[in-house]
Amino acid sequence: MDPTTNGTTRVRVADGVSVAVVAGGPLDGAADGPPVLLVHGLASNARTWEPVTRRLAHAGHPVAAVDQRGHGHSDKPADGYDFGTLCDDLIGVLDHLGWRRAVVVGQSTGGNVALELAVRTPERLVAAIGVDGGLIQLADRWPDWSDCEDELRPPRIEGRPAREVEGWIRGAHPAWSDEAIDVTMANFEHRADGTVRPWLDYETHLTILRSLWEHRPSAVLGGLAVPALFVMADTGDAWVADKRQEAERAVALSSRVRVEWISPGDHDLHVGQPDELASLLSGFVASVSAARGG
């Protein structure tokens with residue numbers, strides 16, 4: 001077990017639905033900062049936050065990461081994948097942890113969920129943070145859902161050998177550490193025959209993607225009542241121009257928004273560049289705490 005964690009617990013968030021939560025930190029003494037809840041992206045899992053969790057725990061934060069419903073070791077109900085329900089799940093986790101207010105950090109789609117949570121229940125958040133996410137507005141690029149679905153539907157990985165899938169990941173991210181590869185491979189159930197299956201099933205993946213496509217950050221940012229940081233990755237691809245437009249729009253819509261760029265940056269900043277990301281997160285949270293008087 002990672003020394004910064006207290007192990008995995010299951011938290012009941014709705015009738016017949018429990019989610020897996022890994023909680024831990026801070027290390028070596030009392031908490032010096034507000035608690036931090038870490039939310040993964042689409043088709044990911046809580047373990048991808050381990051490199052950042054360790055750093056935040058050393059910085060004095062109680063910290064927890066959650067497998068969202070349908071993902072990882074959480075329950076996989078047939079419904080409940082709209083953003084409202086996903087936000088309710090996170091409130092259930094905060095209640096279980098006894099955290100009256102927390103910093104909620106989400107990566108990719110998880111960032112959009114964190115933003116939605118900040119708008120719906122600002123009294124429960126110290127701040128919201130999106131990591132190469134939060135401002136994603138897919139309908140700007142694909143006004144028709146069918147076009148978005150065709151472009152972003154996931155590959156069929158079930159039944160592929162684990163070694164082959166790991167090879168794909170290593171090939172796409174040659175600079176990643178062995179730990180980064182390991183936590184990413186935790187996105188899959190590893191079968192006795194050496195093959196893998198995504199924890200998130202194909203149809204549920206598309207359902208959540210549709211929820212993301214329907215989300216309009218530009219429609220809610222004006223009502224933001226808590227500080228928000230969006231850490232954007234300069235991935236050097238066609239998405240960067242869209243992300244810059246989204247970031248500029250967010251700053252124009254809300255004085256509470258701050259944007260930082262990591263360049264060059266991987267979309268999975270929390271996995272590939274945890275030191276730089278954790279430093280930005282800790283610095284932002286410290287500034288927010290100082291502004292609130294501790």
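Each value in this text was obtained by applying a stated rule to the coordinates, not by laboratory testing. The structure displayed is predicted, hence computed values, not measured ones. Cβ sites come from the backbone with ideal geometry, for glycine too, and all protein chains shown count toward neighbours.
Checking Arg163 against (1) touching a Gly at 6+ places or on another chain (Cβ under 8 Å); (2) loosely packed, with under 14 Cβ neighbours inside 10 Å; (3) under 29 Å from Ala118 (Cα atoms); (4) among the charged types (D, E, K, R), which single condition isn't satisfied?
All conditions pass for Arg163, except number (3).
From the list Arg55, Arg163, Arg100, which residue is outside any helix (DSSP H, G or I) and either within 28 Å of Gly16 (Cα to Cα) or charged (D, E, K, R) (or both)?
Checking each option against the conditions leaves just Arg100.
Which one is surrounded by the most Cβ atoms within 10 Å (Cβ to Cβ) among residues in the stretch 107-143 that are free of Cβ contacts under 8 Å to residues at least 60 places away in the same chain and of a type outside the set (S, T, N, Q)?
Leu117
Out of the residues in the stretch 264-294 that are at negative phi and part of a loop (DSSP other than H, G, I, E, B), which is nearest to the chain's Cα centre (by Cα)?
Selected residue: Asp268.
Hey, Pro155 hits all of (1) part of a loop (DSSP other than H, G, I, E, B); (2) in contact (Cβ under 8 Å) with a residue 60 or more places away in the chain; (3) surrounded by fewer than 22 Cβ atoms within 10 Å (Cβ to Cβ); (4) not hydroxyl-bearing (Ser, Thr, Tyr) but one; which does it fall short on?
(2)
Out of Asp182, Asp193, report the one residue that is out of contact with any Gly (no Cβ under 8 Å at 6 or more places or on another chain) and assigned to a helix (DSSP H, G or I).
Asp182
Being in contact with a His (Cβ under 9 Å, 6 or more places away or on another chain) and either outside any helix (DSSP H, G or I) or closer than 11 Å to Gly130 by Cβ (or both) is the filter here; which residues of the stretch 238-263 pass it?
Within the stretch 238-263, none qualify.
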